[in-house]
Amino acid sequence: MTGMIDVNWLAAQLQNRTMRGIALDTAALIRSGSIKVGAHLPSVRDLAQALNVSPATVSAAWGQLRRQKVIAGRGRNGIWVCGDRVSPRPIRFEQIGNFGEHIVADLVMASPDPALLPDLTQALISAAHTQNLHSYQREAIMPVLRDAVEPSWPYRAGAFMATDGGFDGMNLMLQTLIMPGSQVVIEDPTASRLLDMLDNIGATVLTVACDGEGPMPDQLAAALAKKPAAFIYQPRTHSHCGHAVTTSRFNELATVLAGFDGYIFEDDGIGDLSAHPARSLGTHYPERTIHVRSYSKVFGPDLRMAVMSGPAALIKQIQSFRNFGVGWSSRLLQHATAWLLQDAQTQKGVAAARQVYAERRAALVSALARRGITVPARDGLALWLPVPSEQYALVTLAARGYAVLPGKRCLLGEGQFIRISTSLIKTEQAEAVAEAIALAYGD
């Protein structure tokens with residue numbers, strides 16, 4: 001059925017008139033094709049009257065389908081069916097865009113250069129002899145990995161847990177600790193996958209802008225006045241903007257958070273590739289801070305390892321939730337990560353890679369400056385650029401063979417931006433990339 005769905009027809013199809021039943025029955029109609037993509041649904045009030053239920057029940061059912069990206073719209077513009085895949089999915093992360101067949105450089109993902117990643121041979125050979133290999137014991141973290149990370153951890157944590165990468169750790173804590181519909185404060189911009197995770201749990205997102213020193217204290221204070229459940233930020237190199245929280249800003253944030261009784265979630269996604277020392281608000285609030293450090297960009301995405309720290313009770317709670325699925329991270333990969341952290345030659349390679357990434361970013365910043373485009377000389381594997389028109393920039397760069405990340409996938413506030421990965425741009429390629437970017441600014 002297309003067009004405007006008849007309210008009486010729809011009411012007759014909905015046998016279970018609870019919130020969950022309305023959502024499930026409507027989803028089944030969409031999945032079967034009885035209601036086509038593009039069809040407009042009756043208003044909440046009209047359907048509630050036809051079903052003899054409260055408008056709040058229908059509204060809650062529509063909210064569930066909206067979170068699953070099956071329906072869209074609200075209010076005067078009406079509600080329509082926008083998809084027939086009735087399952088949660090990271091829509092921002094998946095729908096980056098089709099850049100055509102002529103892309104010569106994919107600069108969307110701020111990924112590590114494979115040539116700068118360590119050789120894993122000896123680490124994996126060592127891991128083959130790890131303790132408790134093939135055991136079904138669900139331990140949060142192997143002692144060998146805990147011992148390897150503790151010396152460089154930014155605060156004295158109550159407990160540790162290994163996770164299958166940084167985003168796995170962030171998703172686990174959100175799924176476990178944040179109730180659906182809660183308010184959550186996060187930096188703007190931020191990682192698209194974090195926004196997808198918040199959408200998936202139905203969170204109401206409150207944003208805090210950043211400057212060159214980190215999240216802005218006055219905006220954070222205003223957001224905290226609304227009593228959110230958590231504050232999420234990146235304490236070291238920001239994955240988009242390249243800043244790191246300064247010492248003075250860190251102290252300001254700690255002061256603002258003094259009266260906050262929610263969680264503090266820290267996403268150290270770049271990890272040891274950052275030019276800045278590790279830092280955590282756990283030094284002030286260990287009882288409610290959870291810190292996640294990823295090792296994927298340092299040692300490789302297939303190693304897929306991160307470590308989470310927090311109060312023992314919260315880590316135990318997250319570990320219990322994890323038993324719905326994998327239960328624990330591979331002991332082979334935990335041991336390999338520990339070996340790499342303690343191997344002197346590997347650490348020299350990490351330092352060298354950090355320097356190369358800094359040079360590549362600096363080369364593009366300098367090439368852009370010669371064309372009148374000023375970008376702060378910060379840190380990281382990407383540049384966050386304001387542009388006159390995001391769509392024009394994407395099309396212009398794609399026409400010249402460069403795919404970049406649309407800013408709207410990572411930004412909830414106003415503005416036109418693109419993010420350009422610098423990690424794979426050799427210094428000798430910087431001029432050509434800068435020239436293409438300059439064209440995106442038009443006249």
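The values are calculated or read from the model by the stated rules, or taken from the named source; none is laboratory data. From a predicted model like this one, the values you see are computed outputs, not experimental measurements. Please note: Cβ atoms are built from the backbone with ideal geometry, for glycine as well, and neighbour counts cover all protein chains shown. Only protein heavy atoms, including side chains, enter the accessible area calculation; ligands, DNA and RNA are left aside. Shrake-Rupley method; radii C 1.70, N 1.55, O 1.52, S 1.80 Å.
Between G33, G327, G407, where does the largest GNM mean-square fluctuation fall for the chain, given springs only between Cα atoms within less than 10 Å? Looking only at G33, G327, G407, the biggest GNM fluctuation is shown by G33.
Summing -39500 (n - 2.57) over the DSSP H runs of n ≥ 4 in the chain and dividing by its residue number, what mean residue ellipticity at 222 nm do you reach, to the nearest 500 deg cm²/dmol? Don't skip to the answer; put the middle values down first.
On the way: 17 runs with 173 residues, N = 443.
Estimated from H runs of four or more residues: -11500 deg cm²/dmol.
List the GluC sites (Glu not before Pro) within the range 368-443 that fall in a DSSP loop (any state other than H, G, I, E or B) and whose Cβ has at most 12 other Cβ atoms within 10 Å. Provide the component values of the computation, followed by the final result.
Working: sites: E390, E414, E428, E431, E435; in loops: E414.
Here the sparse-neighbourhood loop sites are E414.
Order of 367-373, 272-278, 193-199 by packing, highest average Cβ count within 10 Å first? Intermediate values should be presented prior to the final figure.
Working: 367-373: 15.4, 272-278: 17.7, 193-199: 21.6.
Ranking the peptides 367-373, 272-278, 193-199 by packing returns 193-199, 272-278, 367-373.
With every protein chain left in place and a probe of 1.4 Å, what is the accessible surface of I71, to the nearest 10 Å²? The accessible area comes out at roughly 0 Å². Helix 331-342 and the longest principal axis of the Cα set of the chain meet at an angle near 40°. By its C-alpha gyration tensor, with a ≥ b ≥ c as the square roots of the eigenvalues, how is the range 7-81 shaped: rounded for a/c under 1.5, else prolate for a/b larger than b/c, else oblate? Rounded, because the longest to shortest axis ratio a/c is under 1.5.
Once you order the gyration tensor axes a ≥ b ≥ c over the Cα atoms, which shape class does the range 315-443 get: rounded for a/c under 1.5, otherwise prolate or oblate by comparing a/b with b/c? Show your work: numbers first, answer last.
Working: a/c = 3.06, a/b = 1.63, b/c = 1.88.
Since a/c reaches 1.5 but b/c is at least a/b, the shape of the range 315-443 is classed as oblate.
At 1.4 Å probe size, with the rest of the protein present, what percent of the exposed accessible area of the chain is carbon and sulfur atoms?
Numbers: 10230 of 19770 Å².
Accessible surface attributable to carbon and sulfur in the chain totals 52 percent.
Shape class for the range 126-342: prolate, because the ratio a/c of the largest to smallest gyration tensor axis (alpha-carbon atoms, square roots of eigenvalues) is 1.5 or more and a/b beats b/c.
With each label point set 7 Å from Cα along the Cα-Cβ vector, what nm distance links S111 and H129? Rounded to a tenth, the inter-label distance reads 3.4 nm.
Each peptide in 201-211, 129-139, 291-301 gets a packing score, the mean of other Cβ atoms within 10 Å over its residues, and the list from highest to lowest is 291-301, 201-211, 129-139. Simple rule: put +1 on each Lys or Arg Cβ and -1 on each Asp or Glu Cβ in the range 126-342, find the dipole, and look at P143, N251, G166; the Cα lying farthest toward the positive end is P143. One chain, two ends: H102 and A377. Fully extended at 0.36 nm per residue, the span grows by 95.9 nm beyond their Cα-Cα distance. Between Q49 and K226, what is the FRET efficiency for a Förster distance of 35 Å, r being their Cβ-Cβ separation, to the nearest 0.05? FRET efficiency, Q49 to K226: 0.55.
Using only alpha carbon pairs under 8 Å that are at least six residues apart, calculate the relative contact order of the chain and give it in whole percent.
Working: 824 pairs, mean separation 82.8, N = 443.
For the chain, the relative contact order is 19 percent.
Relative to the dominant Cα principal axis of the chain, helix 55-67 is inclined by about 40°. Working from label points 7 Å from Cα in the Cα-to-Cβ sense, the K36 to Q175 distance is 3.7 nm. The range 1-52 to the range 232-272: how many Å between their Cα centroids? A separation of 44 Å, based on Cα centres.
Would you mind getting the accessible area per residue of the range 126-342, heavy atoms of the protein chains only, 1.4 Å probe, in Å²? It would help to have the intermediate numbers written out before the result.
Numbers: 8120 Å² over 217 residues.
About 37 Å² of surface per residue is accessible.
Between A432 and V326, the simple label model (points 7 Å from Cα in the Cβ direction) yields a spacing of 3.8 nm. For A352 and R138, calculate 0.36 nm times their separation in residues minus their Cα-Cα distance, and state this gained length in nm to one decimal. Using 0.36 nm per residue and subtracting the Cα-Cα distance, I get 73.4 nm. Where the centroid of each part is defined by its Cα atoms, how far is the range 295-362 from the range 130-185 in Å? If we compute the Cα centre of each part, the gap is 10 Å. Compared with the dominant principal axis of the Cα atoms in the chain, helix 390-399 is inclined by about 60°. In the elastic network of the chain, a GNM with C-alpha springs shorter than 10 Å, the most mobile of V58, V108, V184 is V58.
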